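J.: Have a look at the structure that comes next, please.
The values are calculated or read from the model by the stated rules, or taken from the named source; none is laboratory data. Keep in mind that this is a model prediction, so the values were computed, not measured. Heads up, the Cβs are rebuilt from the backbone with ideal geometry, glycines too, and the neighbour counts pull from every protein chain shown. To get the accessible areas, we keep the full protein, side chains included, count just its heavy atoms, and leave off ligands, DNA and RNA. Shrake-Rupley method; radii C 1.70, N 1.55, O 1.52, S 1.80 Å.
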Amino acid sequence: MSKAATQLRFYDLEPESNTLHDDVLDGLSQPQKHIPPKYFYDEHGSCLFEAICETDAYYPTRTEMAILKDNLEEICTCLGSDCVLVEPGSGSSRKVRLLLDELEPHTYMPLDISSDFLKSVAHGLAEDYPHINVTAACVDYTAPIALPYFPENRRRVAFFPGSSIGNFEPEEAVTFLGNLADLVDDTGGLLIGVDLKKDPSILNAAYNDKEGITAQFNLNLLAHLNRELGANFDFDGFDHRAFYNEQKGRIEMHLISKRDQWATVAGHRFHFSAGESIHTESSYKYTVEEFQILARQAGFSPRKVWTDRDGLFSVQYFEHAD
Ligand code: AVI
């Protein structure tokens with residue numbers, strides 16, 4: 001057995017079979033039609049998201065990476081080596097590699113819903129970091145998480161980068177953060193990436209890149225539904241629209257029907273008037289103070305905040321409140 005293989009555990013906690021069918025039929029039956037953003041991420045959608053992160057206009061990924069790099073030593077001091085680092089929604093585990101290079105935690109626990117992808121990522125990590133235990137769990141990390149295994153007497157820290165927290169409604173964000181507070185327990189911490197409020201022109205540009213990749217990402221949702229639910233959406237019948245809603249403090253993404261049309265989804269017919277929208281994503285932006293209030297409600301105490309020079313993005317560290 002290779003050294004890496006001895007360090008790797010995998011738990012398949014069989015997250016409930018996905019509720020795509022019910023979510024979509026329910027969402028399209030509401031006065032403001034909507035589809036949950038988690039359904040962007042089929043295989044092609046995940047590739048498109050990676051491509052968005054490379055566009056000039058989409059600043060969050062590179063800005064967060066730079067903040068992590070520039071403050072790595074201080075961040076690692078907060079986390080403490082020998083901790084158990086848990087990453088909900090770990091995906092490709094790309095950003096955590098920065099921490100793993102410097103921090104040397106006792107265990108890294110990636111949690112994700114996509115079993116095959118998680119397995120291959122976990123194998124890669126175990127090969128590249130043979131001195132770190134990698135314990136991967138296939139689990140719906142948005143629900144309360146009860147993991148079957150935690151190394152005993154080790155401090156746990158959750159890592160939730162990318163400002164994915166912005167894709168939750170604020171009250172859902174509090175519930176999710178509360179679940180993380182329970183997971184890391186009394187002595188644990190949370191390192192989280194949070195996108196900041198800023199000049200709306202920067203936000204509007206970030207979600208309307210010139211290359212049109214965000215538009216493809218948005219429209220790919222319809223391809224996903226056509227494939228998985230036997231729907232018959234006409235991609236040419238919808239436009240991408242993204243704008244900053246200043247009052248709500250969020251970017252909204254919509255698909256706008258170009259004309260009066262019908263689509264059938266899992267045997268149900270839905271009507272779309274010309275100009276009618278399907279709301280496909282909200283991406284909330286916070287001030288540092290606003291986010292700290294949210295995290296306090298979930299049981300965390302603010303400890304440290306790092307931002308870039310232009311104040312575009314923040315990486316925030318919290319500890320479990322006493
Ligand atoms: C994953 N999430 C944090 C991205 C965001 O910025 O809200 C998803 C995204 N949607 C359009 N571009 C990127």
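J.: Put K197, K258, K210 in order of accessible area, largest first, 1.4 Å probe: what do you get?
T.: K210, K258, K197
J.: Over the Cα atoms of the range 57-180, what Rg and Dmax result, in angstrom?
T.: Rg then Dmax for the range 57-180, in Å: 14.3, 44.
J.: Of all GluC sites (Glu not before Pro) in the range 95-167, which ones are in loop regions per DSSP and have a Cβ with at most 15 other Cβ atoms within 10 Å?
T.: Taking the range 95-167 and a limit of 15 other Cβ atoms within 10 Å, the loop GluC sites (Glu not before Pro) found are E152.
J.: By DSSP, what percent of the beta bridges with both residues in the chain are antiparallel, rounded to the nearest 5?
T.: The antiparallel fraction comes to roughly 60 percent.
J.: Using a Gaussian network model of the chain with C-alpha springs under 10 Å, which one of G193, G249, G212 is most mobile by mean-square fluctuation?
T.: G212
J.: Now a separate question. Percentage of Cα-Cα pair distances in the range 1-124 greater than 17 Å, rounded to whole percent?
T.: 69 percent
J.: Could you work out which residue, out of I293, I75, I192, moves most in a Gaussian network model of the chain, that is, has the largest mean-square fluctuation with Cα springs under 10 Å?
T.: I293
J.: Can I ask one more? What value in Å³ per residue do you get for the convex hull of the alpha-carbon atoms in the range 232-322?
T.: 158 Å³
J.: Write down the accessible area per residue of the chain in Å², having rolled a 1.4 Å probe over the full set of protein chains.
T.: 46 Å²
J.: Another question about this same structure. Keeping all protein chains in place and using 1.4 angstrom, which order do S257, S164, S301 fall into by accessible surface area, from largest down?
T.: Most to least solvent-accessible, the answer reads S164, S301, S257.
J.: What helices does the chain have that are whole DSSP H segments, at least 18 Å long along their own axis by Cα, and with mean Kyte-Doolittle hydropathy of 0.5 or more?
T.: Going by DSSP H runs, the hits are 170-184.
J.: Identify all lysines with a Cα-Cα distance to K285 below 28 Å; exclude those on the same chain that are fewer than 8 residues away in sequence.
T.: Partners within reach: K33, K38, K69, K95, K197, K198, K210, K248, K304.
J.: Restricting to DSSP H runs of at least four residues, report the calculated mean residue ellipticity at 222 nm for the chain, -39500 (n - 2.57) per run over all residues, nearest 500 deg cm²/dmol.
T.: -10500 deg cm²/dmol
J.: Report the local net charge at P88: Lys and Arg +1, Asp and Glu -1, summed over other residues whose C-beta lies under 11 Å from its C-beta.
T.: Residues close to P88 contribute a combined charge of -3.
J.: Still on this structure, please answer the following. Express the C-alpha Rg of the chain as a ratio against the empirical globular expectation 2.2 N^0.38 Å, rounded to two decimals.
T.: Against the empirical 2.2 N^0.38 Å value, I get 1.02 for the chain.
J.: Here is a follow-up. Would you calculate the separation in nanometres between label points at D182 and L13, each defined as 7 Å from the Cα along the Cα-to-beta-carbon direction?
T.: 1.0 nm
J.: What figure, in Å² to the nearest 10, do you get for the accessible area of K248 with a 1.4 Å probe and non-protein molecules left out?
T.: Looks like 110 Å² after rounding.
J.: Given R₀ = 30 Å, what would the calculated FRET efficiency be for I202 paired with T142, taking r from the Cβ atoms and rounding to 0.05?
T.: The formula returns an efficiency of 0.60 here.
J.: Now a separate question. Determine the share of the range 185-322's accessible area contributed by carbon and sulfur atoms, expressed in whole percent, with a 1.4 angstrom probe.
T.: Exposed carbon and sulfur together represent 45 percent of the surface.
J.: So what are the ³J(HN,Hα) numbers for the range 302-315, from phi and the Karplus equation (6.51, -1.76, 1.60; θ = phi - 60°), rounded to whole Hz, Gly and Pro as x?
T.: Karplus-based 3J(HN,Hα) across the range 302-315 equals x, 10, 7, 10, 10, 9, 7, 4, 8, x, 7, 9, 10, 10 Hz.
J.: Further question on the same structure: For Y11, enumerate residues with amide H under 5 Å from its amide H, sequence gap 5+ or separate chain, H modeled in the peptide plane.
T.: Here the answer is A136, A137, C138, since their amide H atoms fall under 5 Å of that of Y11.
J.: Would you kindly find the accessible area of R155, with a 1.4 Å probe and non-protein molecules such as ligands, DNA and RNA excluded, rounding to the nearest 10 Å²?
T.: 60 Å²
J.: Ok, one more. On a straight-distance basis, which aspartates and glutamates could pair with K258 in a cross-link, Cα separation under 13 angstrom, same-chain partners fewer than 8 positions away excluded?
T.: D234, D236, D239, E276
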